[in-house]
C-alpha cells in the first residue's frame with residue numbers, strides 16, 4: 001500500500017477517515033502536528049486554512065504516493081483555493097465526508113472538490129457508518 005496523506009479543513013473528518021481505513025475504533029482527537037504512521041500522514045486543518053503553511057504541505061506530500069482531499073459535506077464553503085490539487089505531483093483523490101449527517105449536501109460538496117482539479121476520483125464516505133470506506137480502501141490498494 002502506498003503512503004497516503006490527508007489534507008482538509010479543521011473538523012473535516014481527516015483523522016476519523018484514517019481510523020476507519022485502518023479499522024480502528026474510538027473517538028478521534030484533534031491533530032496538532034503532522035502525524036505519521038507506516039502508511040499515512042495526517043495533517044492539521046490549520047495547514048490548509050493558512051496559506052503560509054502551503055509550503056509545509058507541498059514538502060510533506062513528497063513522502064506520499066497519494067493525497068486525499070477531504071471536504072465536509074455539512075459545511076457551505078471550501079477552504080481549498082481553485083486548482084489546489086494541481087500543485088501536488090501526486091495522485092489526488094477527493095473525499096466527501098460526513099455523508100451520514102442529516103445536513104449532508106453531497107452535490108454541493110462534489111462541486112467544491114471538482115474545483116480542486118483532482119487527478120483521481122471522488123468518494124463519498126462516512127467514518128461513522130463505514131459507507132464508502134471499503135471501496136476507498138480497495139481503490140487506494142489498487143494504485
* Asked: Sorted from fewest to most neighbouring beta carbons within 10 Å, what does the list 117, 66 look like?
  -> 117, 66
* Listing 5, 19, 53 from the residue with the fewest other Cβ atoms within 10 Å to the one with the most, what is the order? -> 53, 19, 5
* Given the options 100, 42, 72, state which has the largest fluctuation in a GNM of the chain using a 10 Å cut-off (strictly under) for Cα springs. => 100
* To do: Out of all DSSP beta bridges with both ends in the chain, state the antiparallel percent to the nearest 5.
  => 10 percent
* To do: List 119, 16 from most exposed to least, where exposure is judged by having the fewest other Cβ atoms within 10 Å.
  => 119, 16
* Structure fact -> Heads up, the chain by the C-alpha gyration tensor (a ≥ b ≥ c square roots of eigenvalues; a/c under 1.5 rounded, else a/b over b/c prolate, else oblate) looks rounded
* To do: With a ≥ b ≥ c taken as the square roots of the eigenvalues of the C-alpha gyration tensor of the stretch 68-143, please select rounded if a/c is under 1.5 and otherwise prolate if a/b is larger than b/c or oblate if it is not?
  => oblate
* **GNM flexibility winner over the chain from 99, 74, 60 (Cα, springs under 10 Å)** => 60
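No value in this document is a laboratory result; all are computed from the given coordinates. Model, not experiment: these values are computed from the prediction. For neighbour counting, all protein chains shown are included, and Cβ atoms are generated from backbone atoms with ideal geometry for every residue, glycine included.
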